[in-house]
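Peer 1: The structure under discussion is supplied below as structure tokens; questions concerning it will follow.
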Amino acid sequence: MIKQALLGEFLHEAENTRKILQAIPDSALDWKPSEKNWTTGQLASHIAEVYNWYEPTFNQDIFDMGAYRYDKGDISRVENILAKFEENVANAQKALENSDENTYFNEWKMEMDGNVLFPPMPKVQVIRAFLYNHLYHHRGELVVYLRSTGNKVPGLYGPTADDKM
């Protein structure tokens, strides 16, 4: 029952993520709002990367960030970021579909070199916070990046100022 709810949200929100990534023009990939921020390309790549975390989150009780390696690939073009996104979404969907609901309340934590980075909590809480909400947070940032670079923002939960009523 929980899996079906998570899967429904996953599918809906993956489509929203796809729409926002498709809205990025290559010309905006190097833009960043300040020296402390990622570029648009780095942020978009990170959004695609979050889907790469589904398999270890669903299938392990400890996510070792010290051992984690991710190949962003070439992020100089939006089509490359989208290809990585599509690959990661397909793998994430499989991890979710094949997950065992009986493990959703197992304690999960993230470590790096023996230090706890994400405090122990039930896996289902991690799924909602670390996977879902984290992604939504970064999509919100990407909306601001698009607006700041004069680009259109697609409607995710209804029309935007760019949509004709």
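Peer 1: Which of the residues spanning the stretch 32-43 are open to solvent by less than 60 Å² (accessible area, probe 1.4 Å) and either charged (D, E, K, R) or in a loop (DSSP other than H, G, I, E, B) (or both)?
Peer 2: Quick first cut of the stretch 32-43, residues open to solvent by less than 60 Å² (accessible area, probe 1.4 Å) only: 34, 37, 39-41, 43.
Within the stretch 32-43, Ser34, Asn37, Thr39 meet the criteria.
Peer 1: Which condition from (1) part of a helix (DSSP H, G or I); (2) hydrophobic (A, V, I, L, M, F, W, C); (3) surrounded by 14 or more Cβ atoms within 10 Å (Cβ to Cβ) is the one that Val144 breaks?
Peer 2: Answer for Val144: the failing condition is (3).
Peer 1: Quick one: Met65 ticks every box in (1) among the hydrophobic types (A, V, I, L, M, F, W, C); (2) at pLDDT below 95; (3) within 16 Å of Asp26 (Cβ to Cβ) except a single one, so which number is it?
Peer 2: (3)
Peer 1: To continue, here is another question. Out of all the residues in the stretch 73-83, is one or more under 17 Å from the mean Cα position of the chain (by Cα) and modelled with pLDDT under 95?
Peer 2: Checked against the condition, which is being under 17 Å from the mean Cα position of the chain (by Cα) and modelled with pLDDT under 95, the stretch 73-83 yields at least one hit.
Peer 1: For Gly150, which of the numbered conditions (1) in a helix (DSSP H, G or I); (2) open to solvent by 30 Å² or more (accessible area, probe 1.4 Å); (3) at pLDDT 95 or above fails to hold?
Peer 2: (1)
Peer 1: When you scan the stretch 6-31, how many residues do you find that are open to solvent by 70 Å² or more (accessible area, probe 1.4 Å) and farther than 12 Å from Phe85 by Cβ?
Peer 2: 6
Peer 1: Quick one: count up the residues across the stretch 114-149 that are in contact (Cβ under 8 Å) with a residue 24 or more places away in the chain, farther than 26 Å from Asn37 by Cα and not aliphatic (A, V, I, L, M).
Peer 2: Just the residues of the stretch 114-149 that are in contact (Cβ under 8 Å) with a residue 24 or more places away in the chain, to begin with: 117-118, 123-124, 126-127, 130-132, 134-136, 138-139, 141-146, 148-149.
In the following step, the residues that additionally are farther than 26 Å from Asn37 by Cα were identified as 123-124.
Still in the list and also not aliphatic (A, V, I, L, M): 123.
Within the stretch 114-149, residues that are in contact (Cβ under 8 Å) with a residue 24 or more places away in the chain, farther than 26 Å from Asn37 by Cα and not aliphatic (A, V, I, L, M) number 1.
Peer 1: Just need a number here: residues in the stretch 153-165 that are within 10 Å of Ala23 (Cβ to Cβ) and open to solvent by 40 Å² or more (accessible area, probe 1.4 Å).
Peer 2: 1
The values are calculated or read from the model by the stated rules, or taken from the named source; none is laboratory data. Since the structure is predicted, the reported quantities are computational estimates derived from the model, not experimental observations. Cβ sites come from the backbone with ideal geometry, for glycine too, and all protein chains shown count toward neighbours. Keep in mind that these areas ignore ligands, DNA and RNA; they rest on the heavy atoms of the full protein, side chains included. Shrake-Rupley method; radii C 1.70, N 1.55, O 1.52, S 1.80 Å.
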